[in-house]
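*Asks:* Provided herewith is a single structure, encoded as structure tokens, for subsequent inquiry.
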Amino acid sequence: MSRNGRRLYANGAWLGLMYVLTLLALIPLALVLWFTVTKGLPSVIHPQFFFNAELPPCEPRCPEVSNAGVGHAIAGTGIMVGIASLIAIPVGVLGGIYLAEYTVARWSNWVRLGSDVMVGTPSIAIGLFIYAFLVVPFHHFSALSGAVALSVLMLPIVIRTTEGAVALIPNGLRESGLALGLPRWRVSLQLILPAAAPGVITGALLAVARAAGETAPLLFTAFGAHLLQLDPNGPMQALPMTVYQYALLPYKSLQDQAWGAALVLIVLVLGINLVSRWVLRRQIALAGQL
Amino acid sequence: MAVTAEARIAAPAAKGPRDGFRTLVGIVATAVPALLVLIVLTLLGQAMPSIQRFGLGFFTGTTWNPVTDVFGAAPAIFGTLFTAFLALAIALPVGIAVAVVLAEPGHTRLRGLIGTGIELLAAIPSVVFGIWALYVLGPWSYEHIEVPVSTHLAFVPWLGSPAVRGLFNASLVLAVMILPTLSAISRDVIKAVPRGLKENAVALGATWWETTWRVILPSARAGIFGATILALGRALGETIAVTMIIGNQYVIPHTIFQPAYTLASVIANEFTEATGPLYPAALVELGLVLILVTLVVNVLALLLVHSASREARLTA
């Protein structure tokens, strides 16, 4: 074979290998989705799975648990992620506005580095931190402390996506607001923020999805509960904790519940992600029109 | 359309004492670096009893005995480093291949689907990977990788005694979990390579692969290295999925298939049951080691990625 023939042959071979490796990367996604759906569906099709909270008493040996459910975990995830959003989204949006509108400030580089580092901070360490801060002083585990731990996780995501969305808004809008004599805060909050809203919402949704799937920071804060608990001052269950706890138990019926909870979780999280991608695409189209 | 930093500097900024808004948002934004410092200081304070008692011996001790109050972190540190690096070794070739494919110019349907797929992989909660690893990946890998390898390659010192829950299977699931980080950041870095470089190579008659291997990947080297370290940081700190599949044995195992422990999973398993003055402090010290290592790794990686993309912009 000629030298050029060999080169072309090698080119084709490497190109093929790159695509094969890429498809290989998608196999785990397909497998995770497939097994979660097939193993979780039998539990999820019973309506009581979503409403019933407690397990029937089953010590020392759990028989077939037919009317058990994860209603308490779904409610707990809703409450804790809700409280966490109330804390993290306003703070994160204001922080993001600072990063995007006052780029020149040297301090903003430190904030940016800090939030990027925080995204990679092990969530279990955040759990330990909140334990020392909000559980030890009050002498009991609480959903509130779990929500604060989740908000610490959400904060850097909201800040960085808000910054990205606000920075997309063309300068003309800013200048026209200032030319009309509006103060900076009204320009930022009443002109720029509404224009950047879809991007900001995307960031908030992604942060909510991340928080809804986190287990580690809740282990020593919300602690978990086997009954429906609605008091944010007491321990509370969450969906990912249900998956974690039930999956490790030796009872088939509880493992099935774990798969069902995993299915609910994955539908929730991937659903939020797909919606946010759609919102983001609108934002980019919108910013192009301005 | 993007607004450059220069354009935003040109916007008239209100000055003087009346710009309270800037002060407000500045203070709010400062919450993030402040939190980071607070987390480290809090953990340091909580770990003090253990630091004072064991000193540097904490890092070399191999015993973990809450009854006699003797705590050493060596097995957990070993497990954490081993699983993270093995996961990286598995994920790196695949991650770079994905990045190369996704960074190709033009937008085809297939590439769009691949990109969405990788992003969804990043969104799957850790605990779902955990239950999948425990009931699907672990048994499969035990039967089709570990047992054949152990029987045919038993003379290799580190291979043998297969187990469903162990170091190797934990590394496998970690590799899947860090893949999106690795490929998304590498893709951005590869995309930032100046087009002129690529066009020069093509004009000289280089094939697609020669351009990629000899021109694009070398000039994206620093950034890809940064992405790799960032992925390493994720692997070091991953808790729940690893806790479910690593086997939870506080030992330094003799083979890569055996059960072990990581820093994060020791904390996850034992912290709520830890009593006495020393036991919780020792666990918090594990957390302190973990957070300090990931902090250093992350800062290093971010600086590498940023300087790589800035350099690419300057040469463009």
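The values are calculated or read from the model by the stated rules, or taken from the named source; none is laboratory data. Note that the structure is a prediction, hence the values are computed from the model and not measured. Quick reminder, even Gly has a Cβ in these numbers, built from the backbone with ideal geometry, and neighbours come from all protein chains shown.
*Asks:* Taking region A:163-176 as the search range and keeping residues that are assigned to a helix (DSSP H, G or I) and either among the aliphatic types (A, V, I, L, M) or under 30 Å from A:Gln245 (Cβ atoms) (or both), which one is farthest from the other protein chains (Cβ to nearest Cβ)?
*Replies:* A:Ala165
*Asks:* Which of the helices (runs of 4 or more DSSP H) contained wholly in region A:177-290 include at least 3 residues that are closer than 21 Å to A:Ser85 by Cβ, more than 12 Å from chain B (Cβ to nearest Cβ) and of a type in the set (Gly, Ala, Ser)? So that I can check it myself, show each step before the final result.
*Replies:* On the way: elements: A:197-212, A:239-247, A:252-289.
By residue number, A:197-212.
*Asks:* Can you confirm whether region B:249-257 contains a residue that is more than 11 Å from chain A (Cβ to nearest Cβ), free of Cβ contacts under 8 Å to residues at least 60 places away in the same chain and in a loop (DSSP other than H, G, I, E, B)?
*Replies:* Within region B:249-257 (the criterion being more than 11 Å from chain A (Cβ to nearest Cβ), free of Cβ contacts under 8 Å to residues at least 60 places away in the same chain and in a loop (DSSP other than H, G, I, E, B)), the answer is yes, since at least one residue qualifies.
*Asks:* So which residues in region B:87-137 are among the polar types (S, T, N, Q), within 8 Å of another protein chain (Cβ to nearest Cβ) and more than 16 Å from the chain's Cα centre (by Cα)?
*Replies:* B:Thr116
*Asks:* Condition (residue is more than 30 Å from B:Gly287 (Cβ to Cβ), surrounded by fewer than 24 Cβ atoms within 10 Å (Cβ to Cβ) and within 26 Å of the chain's Cα centre (by Cα)) applied to region A:181-190: is it met by at least one residue?
*Replies:* yes
*Asks:* Out of the residues in region A:25-36 that are surrounded by 14 or more Cβ atoms within 10 Å (Cβ to Cβ) and within 16 Å of B:Leu179 (Cβ to Cβ), which is farthest from the other protein chains (Cβ to nearest Cβ)?
*Replies:* By that ranking, first place goes to A:Leu33.
*Asks:* If you don't mind, there's one more thing I want to ask. May I ask you to say which residue of B:Thr116, B:Thr151, B:Thr80 is polar (S, T, N, Q), farther than 29 Å from A:Gln257 by Cβ and buried (at least 21 other Cβ atoms within 10 Å of the Cβ)? Give the steps one after another, and end with the answer.
*Replies:* Working: B:Thr116 fails: buried (at least 21 other Cβ atoms within 10 Å of the Cβ); B:Thr151 fails: buried (at least 21 other Cβ atoms within 10 Å of the Cβ).
Answer to the check: B:Thr80.
*Asks:* Let me ask you something else. Out of (1) of a type outside the set (Gly, Ala, Ser); (2) at the interface with chain A (Cβ under 9 Å from one of its Cβ atoms); (3) more than 26 Å from the chain's Cα centre (by Cα), the odd one out for B:Leu36 is which?
*Replies:* (3)
*Asks:* Let me ask something else about it. When you scan region B:172-192, do you find a residue that is over 21 Å from the mean Cα position of the chain (by Cα), part of a loop (DSSP other than H, G, I, E, B) and either under 30 Å from B:Ala76 (Cα atoms) or at pLDDT below 95 (or both), even just one?
*Replies:* Looking for residues that are over 21 Å from the mean Cα position of the chain (by Cα), part of a loop (DSSP other than H, G, I, E, B) and either under 30 Å from B:Ala76 (Cα atoms) or at pLDDT below 95 (or both), one finds at least one in region B:172-192, hence yes.
*Asks:* Across region A:96-142, what is the total count of residues that are within 23 Å of the chain's Cα centre (by Cα), more than 7 Å from every other protein chain (Cβ to nearest Cβ) and of a type in the set (Phe, Trp, Tyr)?
*Replies:* 2
*Asks:* Could you give me the residue pairs with C-beta distances under 6 Å whose first residue belongs to region B:30-46 and is closer than 15 Å to A:Trp107 by Cβ, whose second residue is surrounded by fewer than 17 Cβ atoms within 10 Å (Cβ to Cβ) wherever it lies, and which are 6+ apart or on separate chains?
*Replies:* Going by the 6 Å Cβ cut-off, the qualifying pairs are B:Pro33/A:Trp110.
*Asks:* While we're on this one: What's the number of the only condition in (1) under 17 Å from the mean Cα position of the chain (by Cα); (2) over 30 Å from A:Ala167 (Cα atoms) that A:Gln255 fails to meet?
*Replies:* (1)
*Asks:* If the requirement is being of a type outside the set (Phe, Trp, Tyr) and modelled with pLDDT of 90 or more, which of these qualifies: A:Ser108, A:Ser123, A:Ser43, A:Ser66? Give the derivation first.
*Replies:* Values: A:Ser108 fails: modelled with pLDDT of 90 or more; A:Ser43 fails: modelled with pLDDT of 90 or more; A:Ser66 fails: modelled with pLDDT of 90 or more.
When all the criteria are applied, what remains is A:Ser123.
*Asks:* Could you tell me which residue of region B:186-215 is nearest to B:Leu134 (Cα to Cα), considering only residues that are within 11 Å of chain A (Cβ to nearest Cβ) and among the β-branched types (Val, Ile, Thr)?
*Replies:* Top of the filtered list is B:Thr212.
*Asks:* Can you work out which of the residues in region B:138-148 that are surrounded by fewer than 24 Cβ atoms within 10 Å (Cβ to Cβ) and closer than 26 Å to A:Pro240 by Cβ is farthest from the other protein chains (Cβ to nearest Cβ)?
*Replies:* The residue in question is B:Tyr142.
Okay, residues lined up against (1) assigned by TED's automatic domain parsing to the domain that holds A:Gln283; (2) free of Cβ contacts under 8 Å to residues at least 60 places away in the same chain; (3) within 30 Å of A:Val267 (Cβ to Cβ):
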residue: A:Leu173; (1), (2), (3): yes, no, no
residue: A:Ala179; (1), (2), (3): yes, yes, no
residue: A:Leu182; (1), (2), (3): yes, yes, no
residue: A:Val187; (1), (2), (3): yes, yes, no
residue: A:Ile201; (1), (2), (3): yes, no, yes
residue: A:Ala211; (1), (2), (3): yes, no, yes
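*Asks:* Provide a single number: the residues in region A:37-49 that are within 14 Å of chain B (Cβ to nearest Cβ) and either over 16 Å from A:Ala73 (Cβ atoms) or free of Cβ contacts under 8 Å to residues at least 40 places away in the same chain (or both).
*Replies:* Of the residues in region A:37-49, 3 are within 14 Å of chain B (Cβ to nearest Cβ) and either over 16 Å from A:Ala73 (Cβ atoms) or free of Cβ contacts under 8 Å to residues at least 40 places away in the same chain (or both).
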